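As structure tokens, the structure follows; a few thoughts come after it.
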Amino acid sequence: MLLTDRDILVCIFQRGAADGLNALVPYGDTDYYSQRSTINVPAADVLDLDGFFGLHPALTPIKPIYDAGDLALVHATGIPHGSRSHFSAQGLVERGVDDKAGPTTGWLGRHMSISTPASSSAFRMVSISGNVAVSLLGADEPLAISNLNEFGFDQDIIDSGYPAVLADLYRSSVPFQGPAQAALAALDELGAANLDAILPENGALYPATVLGNKLLQAGQLIKSNLPVEVICLDSDGWDHHENLPNYINQSLTELAESLGAFYTDMGSRMQSVSVLVHTEFGRRVAQNASLGTDHGTGSLAYLLGGGVNGGQVVSNWPGLAPANLEMGEDLKITTDLRTVLAELLSKRLEGADLNTVFPGFSGPYSAGVFSN
């Protein structure tokens with residue numbers, strides 16, 4: 001059972017700038033095919049959604065989620081930061097700002113720092129990663145754990161009494177007291193949770209991939225007695241400058257199989273879980289000489305779970321004719337990603353102060369993605 005009436009947020013960042021045009025194909029826009037004469041997804045192969053947009057066939061595992069009304073897709077979205085640098089753009093998106101002059105903390109960190117904690121658990125915020133997600137910077141002691149099943153002391157160290165020595169040491173005012181106490185508390189909580197005994201449910205089969213393993217761990221956390229509120233994780237390998245049809249098929253297959261397994265595993269719990277999948281920027285509309293796509297602007301975001309107005313593509317579609325493109329070459333952003341994030345916070349999480357979380361952003365604060 002979930003220990004809070006607010007949603008648990010699972011935030012997945014597609015590192016490398018995911019190509020939204022071959023994931024959610026605007027097959028009703030003829031300019032898509034003229035711009036991508038060799039690397040397009042044929043109209044006969046797409047999984048039709050509404051007569052204009054269709055999913056790449058590799059996303060077949062999430063089509064039933066869309067049909068069930070638990071998946072919404074936001075196309076031509078992003079934050080208009082103007083950067084084509086992965087490092088810079090990822091930082092700006094995770095900070096929730098459109099220029100470098102904004103706050104250095106993350107949008108989620110700002111929200112979590114002012115919202116009322118559901119508990120004092122060390123597992124309130126977790127990055128299943130070697131580093132705390134930039135989006136969580138500014139929050140109080142978020143955890144970063146690469147692999148939950150390997151987080152802890154070896155038995156011989158436990159038997160030596162060393163953990164007790166560390167606990168005594170960090171009760172005093174010493175450098176890194178806060179992070180050390182949080183880590184020691186997390187060790188105790190994780191040990192009591194016994195995650196190894198928490199198995200996938202409802203016939204869910206996670207793929208044996210990096211993302212599949214991360215979402216398996218996210219599912220274990222949610223089903224445990226740990227009152228987790230936010231889980232951040234990465235999906236790597238989306239920088240498809242060459243051979244896009246082959247590489248995006250692999251990436252989308254991993255994404256869809258992982259999301260499909262997580263959704264199945266959660267079962268009725270999914271009504272209290274929100275999943276956000278997004279990226280730092282999109283790709284250029286026209287294919288390049290290597291049968292790939294170069295860095296662009298607008299892209300695609302996925303929203304799954306509780307309260308989602310699913311079964312819809314949310315998009316003020318700008319069109320792909322050359323005259324309609326950003327800088328003459330990119331998909332325009334017509335829905336600011338911060339609009340989606342603001343709606344997520346205000347409708348599914350606790351006590352959102354949107355002026356603090358997104359300083360300088362004047363809205364709109366809803367795109368109709370969530371019902372309540």
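The values are calculated or read from the model by the stated rules, or taken from the named source; none is laboratory data. As the structure is a computational prediction, the values presented were derived from the model and not from experiment. No Cβ is skipped: glycine too gets one built from the backbone with ideal geometry, and neighbour counts run over all protein chains shown.
Out of everything in the stretch 335-372 that is polar (S, T, N, Q) and outside any loop (DSSP other than H, G, I, E, B), what residue ends up being farthest from His81 (Cα to Cα)?
If we take residues in the stretch 335-372 being polar (S, T, N, Q) and outside any loop (DSSP other than H, G, I, E, B), then Ser346 is farthest from His81 (Cα to Cα).
Please tell me if His81 is assigned to a strand (DSSP E or B), out of contact with any Cys (no Cβ under 7 Å at 6 or more places or on another chain), in contact (Cβ under 8 Å) with a residue 12 or more places away in the chain and not small (Gly, Ala, Ser).
Details: assigned to a strand (DSSP E or B): no; out of contact with any Cys (no Cβ under 7 Å at 6 or more places or on another chain): yes; in contact (Cβ under 8 Å) with a residue 12 or more places away in the chain: yes; not small (Gly, Ala, Ser): yes.
No; evaluated as a whole, the condition is false for this residue.
Step by step: first the residues of the stretch 246-277, then only those that are over 17 Å from Leu21 (Cβ atoms), β-branched (Val, Ile, Thr) and part of a helix (DSSP H, G or I), then the one that is nearest to the chain's Cα centre (by Cα). Which residue is that?
Across the stretch 246-277, the extreme among qualifying residues is Thr253.
Has the stretch 55-62 got any residue that is surrounded by fewer than 20 Cβ atoms within 10 Å (Cβ to Cβ) and without any contact (Cβ under 8 Å) to a residue 12 or more places away in the chain? Explain how you work it out, then say what you get.
Taking the stretch 55-62 as the starting set, the residues that turn out to be surrounded by fewer than 20 Cβ atoms within 10 Å (Cβ to Cβ) are 57, 60-61.
Among the residues that remain, those that are also without any contact (Cβ under 8 Å) to a residue 12 or more places away in the chain are: none.
No, the conditions are met nowhere in the stretch 55-62.
Tell me the residue from Gly102, Gly109 that is of a type outside the set (A, V, I, L, M), under 19 Å from Ser135 (Cα atoms) and either modelled with pLDDT of 95 or more or in a helix (DSSP H, G or I) (or both), please.
Gly109
Could you please tell me which pairs satisfy a Cβ distance under 7 Å, a separation of 6+ or placement on different chains, a first residue in the stretch 241-255 that is touching a residue at least 12 places away in the same chain (Cβ under 8 Å), and a second residue that is crowded, with 23+ Cβ neighbours inside 10 Å and assigned to a helix (DSSP H, G or I)?
Between residues of the stretch 241-255 that are touching a residue at least 12 places away in the same chain (Cβ under 8 Å) and residues that are crowded, with 23+ Cβ neighbours inside 10 Å and assigned to a helix (DSSP H, G or I), the close pairs are Leu252/Leu59; Glu254/Leu211; Leu255/Leu211.
In the stretch 355-369, what residues are closer than 17 Å to Ser115 by Cβ and either crowded, with 18+ Cβ neighbours inside 10 Å or hydroxyl-bearing (Ser, Thr, Tyr) (or both)?
Thr356, Val357, Phe358, Tyr365
Go through (1) part of a helix (DSSP H, G or I); (2) closer than 20 Å to His240 by Cα; (3) touching a strand residue (DSSP E or B) at 6+ places or on another chain (Cβ under 8 Å) and name the single condition Ile62 misses.
Condition (2) is where Ile62 drops out.
Evaluate the following for Val10: is it over 30 Å from Ala321 (Cβ atoms), of a type in the set (Val, Ile, Thr) and in a loop (DSSP other than H, G, I, E, B)? Write out each step before concluding.
Numbers: over 30 Å from Ala321 (Cβ atoms): yes; of a type in the set (Val, Ile, Thr): yes; in a loop (DSSP other than H, G, I, E, B): no.
So Val10 fails the test.
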